[in-house]
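A quick write-up on the structure given underneath.
The values are calculated or read from the model by the stated rules, or taken from the named source; none is laboratory data. Just so it is clear, the structure is predicted and the values come from calculations on it, not from any experiment. Please note: Cβ atoms are built from the backbone with ideal geometry, for glycine as well, and neighbour counts cover all protein chains shown. Just so you know, the surface numbers come from the protein's heavy atoms only, side chains and all, with ligands and any DNA or RNA stripped out. Shrake-Rupley method; radii C 1.70, N 1.55, O 1.52, S 1.80 Å.
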Amino acid sequence: MKTDFLVIGSGIAGLTYALKVAQDCPDKKITILTKAKSDETNTKYAQGGIAGVWDKSHDSFEKHIEDTLIAGDGLCDKNIVEIVVREGVQRISELIEWGTRFDKEPDGDYKLGKEGGHSEYRILHHKDITGSEMERALLEAIKKYPNIELITHCFVVDIITQHHLGYLVTKSTPDIECFGVYVLNLNSNSTERILASTILLASGGNGQVYRSTTNPYIATGDGVAMVYRAKGRIENMEFIQFHPTALYEPGIRGQSFLITEAVRGDGGILRNANGEAFMKRYDEREDLAPRDIVARAIDNEMKVNGTEYVYLDCREMDREKFMEHFPNIYAKCKSIGIDIFHDMIPVSPAAHYSCGGIKTDEWAKTSIKNLYAAGECASTGLHGANRLASNSLLEAMVFAHRAYQDAMKQLSIKKNAYLHALEQIPEWNAAGTSVPKEMIVITQSVKELKMLMSDYVGIVRNNDRLQRANRRLDLLHEETETLYEKTQVSPQLCELRNMITVSYLIVKGAELRKESRGLHFNTDYPNRSEILQDTIL
Ligand code: FAD
Ligand code: SIN
């Protein structure tokens, strides 16, 4: 199959880009691939909202920039921060034009929320299900464009580069180029080749490499792993953001339910097992300190008190306001026997967001030609060592837009040689592989992987634990590659392979960073280094 614009991922980044290209190029074909249902994305689960300088009478670009830089702990790219904050408001307006219904005050102004690290109220939201509302609006909007095709249950296995054409990347041909992807089409159960002249990776995050995560099952870091295999540039993978307050439900594996930070923005208070509001001992901003600080404080309280959770106390919050802003959280807690106006909510940190990823420039270009990346799989330089809450939906939109702008410029200069190269791409070669006899080796390896990442590469790290993680990953890698060579591809096997690669990149990044900064805390190097640098892999 051939298409003009190939988009991998149907979250906010992929859909925003597809919509813009479709508007501008009615005669071009845009194909969106997603490995699951159309809306099964991290985007759908976003709760708190999207940050933007909306109320200019109290807020300013400068304040949002400053808050982002402070959270990023010295590693943000200031130019990128400026771009995102200044262009973000226009992108939010587009979301509204596409049909997103943000909550409003009785006078018609948008209601603005506040989360950790923000000095002003600037978060637009739709109750506590903002992401689901955005995803709904975007999926509705793409239906208006007959030139957009969305193929669900189509698993991208690898991106195609000149390695697949048998060319070696040498000093005389230094540029790696992307020509399309190999997919496992689960609708027809066949492995296919999809060629395109422009490709956007918008494949989301990797929270699933940890035992406890707020991310849905699609978040296995496939895009990052594919780019790494294709010898593209990856950076800052050690900066994994743990959300401080995932609902603690014993026995729940897979995806933990999030209790949005906006609850603390509205007055929720963290308490330890003794009922003490402990955050004041850790940071003057108390419960609204940036996430890395709050997550580490909770981790410490749990260790000191020997508990698996702390509490979020909402008992004194205004009932009417709470029910209006957080009806989904109220209902979820109630469904497991917690009445939040009488009982405190047990919460613990969970892997939530990957700040690093595929290195991109200010036009969302990766180090591989014809390949853009936007959204959580990309590392733009916005977040530095720690992402400010509700900045990621904004970032995804801003860089989806910039990828679209750049792609429009490139459109006119696509070379014939390139189109000729497309003809030479071989079909997927499954020779010598067979159907796997049993799945247990894959599911067991996934469990081992999640365990080792959570136990050795979690909120607080040290050199011994990282070394242990590395040794165990080596073994998993070796076993999985052997299996991959002789087995027909399946999403489960590909995801395991990708999760091992991504875990390796997280550990490698953590080992290379000989300091503690932002989300990366290593007790063997408890201080910040004077040298500011990204970890390039
Ligand atoms: P996603 O929305 O995750 O979409 C990824 C897409 O890629 C999916 O369609 C998936 O199927 C597809 N895909 C992946 N791999 C493959 C493959 N191999 N083949 C084919 N398709 C593939 N951020 C905020 O700014 N504000 C918030 O309030 C907020 N709350 C959050 C709450 C939760 C519970 C979570 C999990 C995240 C939250 N975030 C929030 C973060 C934010 O939601 C994500 O960073 C953002 O939605 C990512 O969007 P995306 O388009 O990059 O990827
Ligand atoms: C939340 O609602 O607490 C999550 C916000 C985010 O991850 O940006």
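Summary table below
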{"quantity": "Residue match in region 76-98 (condition: out of contact with any Cys (no Cβ under 8 Å at 6 or more places or on another chain), of a type in the set (Gly, Ala, Ser) and within 29 Å of residue 263 (Cα to Cα))", "calculated": "yes"}
{"quantity": "Positions within region 425-454 being open to solvent by 60 Å² or more (accessible area, probe 1.4 Å) and in a loop (DSSP other than H, G, I, E, B), in sequence order", "calculated": "427, 428, 429, 431, 432, 435, 437, 438, 439"}
{"quantity": "Sole exception among (1) surrounded by 20 or more Cβ atoms within 10 Å (Cβ to Cβ); (2) part of a loop (DSSP other than H, G, I, E, B) for residue 107, by number", "calculated": "(1)"}
{"quantity": "Selection count, region 80-131, where residues are in contact with a Ser or Thr (Cβ under 9 Å, 6 or more places away or on another chain), on the phi > 0 side of the Ramachandran plot and basic (Lys, Arg)", "calculated": "0"}
{"quantity": "From 230, 225, residue being under 14 Å from the mean Cα position of the chain (by Cα), within 16 Å of ligand 1 (Cβ to nearest atom), closer than 30 Å to residue 1 by Cα and modelled with pLDDT of 95 or more", "calculated": "225"}
{"quantity": "Filter pass, residue 206 being open to solvent by less than 10 Å² (accessible area, probe 1.4 Å) and either within 16 Å of ligand 2 (Cβ to nearest atom) or not aromatic (Phe, Trp, Tyr) (or both)", "calculated": "yes"}
{"quantity": "Near pairs, Cβ below 7 angstrom, 6+ apart or cross-chain, from region 323-337 (more than 17 Å from residue 126 (Cα to Cα)) to any residue that is acidic (Asp, Glu) and not in a helix (DSSP H, G or I)", "calculated": "336/249"}
{"quantity": "Selection count where residues are away from ligand 1 (no atom under 13 Å from the Cβ), part of a loop (DSSP other than H, G, I, E, B) and touching a strand residue (DSSP E or B) at 6+ places or on another chain (Cβ under 6 Å), scope region 368-393", "calculated": "3"}
{"quantity": "Number of the condition not met by residue 419 [criteria: (1) among the aliphatic types (A, V, I, L, M); (2) modelled with pLDDT of 80 or more; (3) not in a strand (DSSP E or B)]", "calculated": "(2)"}
{"quantity": "Unique residue being under 30 Å from residue 68 (Cα atoms), open to solvent by 10 Å² or more (accessible area, probe 1.4 Å) and within 16 Å of ligand 2 (Cβ to nearest atom) when the list is 393, 388", "calculated": "393"}
{"quantity": "In region 301-327, residue most open to solvent (accessible area, probe 1.4 Å) [restricted to those that are in a helix (DSSP H, G or I) and in contact with a helix residue (DSSP H, G or I) (Cβ under 9 Å, 6 or more places away or on another chain)]", "calculated": "323"}
{"quantity": "Selected residue [among the charged types (D, E, K, R), within 29 Å of the chain's Cα centre (by Cα) and over 24 Å from residue 110 (Cα atoms)] from 296, 315", "calculated": "296"}
{"quantity": "Meets criteria (within 21 Å of the chain's Cα centre (by Cα), part of a loop (DSSP other than H, G, I, E, B), within 16 Å of ligand 1 (Cβ to nearest atom) and under 22 Å from residue 122 (Cα atoms)) for residue 48", "calculated": "yes"}
{"quantity": "One residue from 291, 253 being within 14 Å of ligand 1 (Cβ to nearest atom), at pLDDT below 95 and of a type outside the set (Gly, Ala, Ser)", "calculated": "291"}
{"quantity": "Filter result for residue 218 (of a type in the set (A, V, I, L, M), open to solvent by 10 Å² or more (accessible area, probe 1.4 Å) and away from ligand 1 (no atom under 16 Å from the Cβ))", "calculated": "no"}
{"quantity": "Only one of 138, 200 that is part of a helix (DSSP H, G or I) and crowded, with 24+ Cβ neighbours inside 10 Å", "calculated": "138"}
{"quantity": "Residue that is modelled with the lowest pLDDT, among those in region 51-79 that are under 18 Å from the mean Cα position of the chain (by Cα) and among the aliphatic types (A, V, I, L, M)", "calculated": "71"}
{"quantity": "Residues within region 343-371 that are open to solvent by 10 Å² or more (accessible area, probe 1.4 Å) and either more than 11 Å from the chain's Cα centre (by Cα) or of a type in the set (Lys, Arg) (or both), tallied", "calculated": "14"}
